[in-house]
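Okay, so here's the structure we're looking at.
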Amino acid sequence: MEYRDYYKVMGVERGAPQDEIKKVYRKLARKYHPDVSKEPDAEARFKELQEAYNVLSDPEKRAAYDQLGRRRPGEQFQPPPDWGRNFEFRTFGGGGSDAQFDDSQFSDFFANLFGGASPFGRGAGGARAGRPRPGRDHHARIEITLEDAYGGGERAIQLQRPGVTADGHVTTRTHELRVRIPAGVTSGTQIRLAGQGEPSMSGGPAGDLYLEVELQPHSRYQVEGRNVTLTLPLAPWEAALGATIEVPTLGGAVELRIPAGAKAGQKLRLKGRGLPGKEPGDQYVQLRIVLPPADSEKARELYEQMQRELPFDPRAES
């Protein structure tokens, strides 16, 4: 998809205060509104303007957009893999006119960063008339280690919370808090922190903060749901003759019996040795046979002896 420079669309500097953004939008909206404009490209320009204003008028979206840095308009662009991580943003716990905002006519660039499938696109709803509206909920993505997910416990996290200064400029500040991680949490799980969202402006309860968990890639294990997989190197004689080998698991080392005649790629299961839960996950051990190098005269002699004495053709079945 193509990068969009929203500041260029609106003709303002990147450091423009929020009141200037609003003033410029009103002026350009009158100029390009399709119902009154005589400009030949009025409808397209008006849609571009609406998209740019939707981002730059919202301190959270603007702060996140600014973190992407400067790029050339039209340049091919993909959101970074950590887009939205450790960045705190609002969703609509108490309704509001922008909760009903229709972004279906906006660009792919907007849809990927701020549309309905993005972190910024979640949430909607409203409060009943006459009742105090609750503050808006906040969401953020956090990364934790697989070990933290297995054992749980309390940890400190830092989130970037956007805001607007007294002179109308968008800024971010670090929001520090301590979070209890439930044992057995998996990627995609949301942890709710009641009352840690946005305060209500009408005397209602504060919104909540929802933390979406992502597991960091692990050097040893691959994770799928609550199951984990470990690749275990074997010597050829261990695979051929069988062996009992100490294998690491998230809960500590255990002994695993390798059956005689084990094959490369074969998976052995350690029941209940994955992530804990009502139904604990399993650990799978995938076997990988490693050949010793023929890097000495003795090693070469052993390989030559095997070549002479073992009636083995690895391509016989192919």
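Of note:
- Only one of the numbered conditions (1) touching a strand residue (DSSP E or B) at 6+ places or on another chain (Cβ under 8 Å); (2) surrounded by 13 or more Cβ atoms within 10 Å (Cβ to Cβ) is not met by Gly272, and that is (1).
- Here Leu291 meets the list (1) closer than 26 Å to Glu147 by Cβ; (2) surrounded by fewer than 11 Cβ atoms within 10 Å (Cβ to Cβ) almost entirely, failing just condition (1).
- Scanning the range 246-266 for residues that are surrounded by fewer than 16 Cβ atoms within 10 Å (Cβ to Cβ) and on the phi < 0 side of the Ramachandran plot returns Glu246, Pro248, Gly251, Ala253, Val254, Glu255, Arg257, Pro259, Ala260, Lys263, Ala264.
- With a requirement of 1 or more residues that are within 30 Å of Tyr65 (Cβ to Cβ), the strands (runs of 3 or more DSSP E) lying completely within the range 126-231 that satisfy it span 138-144, 153-164, 170-181, 190-193, 209-215.
- Scan the range 62-74 for residues that are closer than 16 Å to Met10 by Cα, modelled with pLDDT of 85 or more and in contact with a strand residue (DSSP E or B) (Cβ under 9 Å, 6 or more places away or on another chain) and the total you get is 2.
- Scanning the range 29-68 for residues being among the aliphatic types (A, V, I, L, M) and buried (at least 19 other Cβ atoms within 10 Å of the Cβ) gives a total of 6.
- Residue list for the range 30-89, restricted to those being outside any helix (DSSP H, G or I) and either of a type in the set (Val, Ile, Thr) or not assigned by TED's automatic domain parsing to the domain that holds Thr171 (or both): Val36
- Qualifying residue in the range 308-317 (condition: closer than 29 Å to Glu147 by Cβ and free of Cβ contacts under 8 Å to residues at least 40 places away in the same chain): no
- Scanning the range 193-210 for residues that are touching a strand residue (DSSP E or B) at 6+ places or on another chain (Cβ under 9 Å), touching a residue at least 24 places away in the same chain (Cβ under 8 Å) and among the hydrophobic types (A, V, I, L, M, F, W, C) turns up just one, Leu209.
- Index of the failed condition, Trp237 passing every other in (1) in contact with a strand residue (DSSP E or B) (Cβ under 9 Å, 6 or more places away or on another chain); (2) surrounded by 17 or more Cβ atoms within 10 Å (Cβ to Cβ): (2)
Conditions (1) outside the structural domain of Leu275 (by TED's automatic domain parsing); (2) modelled with pLDDT of 90 or more; (3) under 17 Å from the mean Cα position of the chain (by Cα), marked per residue:
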position: Ala149; (1), (2), (3): yes, yes, yes
position: Ile157; (1), (2), (3): yes, no, yes
position: Gly163; (1), (2), (3): yes, no, no
position: Gly168; (1), (2), (3): yes, no, no
position: Gly184; (1), (2), (3): yes, yes, no
position: Gln190; (1), (2), (3): yes, yes, yes
position: Gly195; (1), (2), (3): yes, no, no
position: Ser202; (1), (2), (3): yes, no, no
position: Gly207; (1), (2), (3): yes, no, no
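- Remark: Gly94 matches the filter, which requires a residue to be modelled with pLDDT under 70, buried (at least 19 other Cβ atoms within 10 Å of the Cβ) and in a loop (DSSP other than H, G, I, E, B).
- Selection within the range 275-318 - farther than 21 Å from Glu238 by Cα and small (Gly, Ala, Ser): Gly277, Gly281, Ser296, Ala316, Ser318
- Residue check, Tyr25 out of contact with any Lys or Arg (no Cβ under 7 Å at 6 or more places or on another chain), part of a helix (DSSP H, G or I), modelled with pLDDT of 90 or more and surrounded by 18 or more Cβ atoms within 10 Å (Cβ to Cβ): yes
- Residue that is nearest to Arg62 (Cα to Cα) [pool: residues in the range 164-189 that are touching a residue at least 40 places away in the same chain (Cβ under 8 Å) and surrounded by fewer than 13 Cβ atoms within 10 Å (Cβ to Cβ)]: Thr171
- Every listed requirement among (1) assigned by TED's automatic domain parsing to the domain that holds Pro292; (2) under 16 Å from Pro280 (Cβ atoms) is met by Leu234 save one, (2).
The values are calculated or read from the model by the stated rules, or taken from the named source; none is laboratory data. Just so it is clear, the structure is predicted and the values come from calculations on it, not from any experiment. For neighbour counting, all protein chains shown are included, and Cβ atoms are generated from backbone atoms with ideal geometry for every residue, glycine included.
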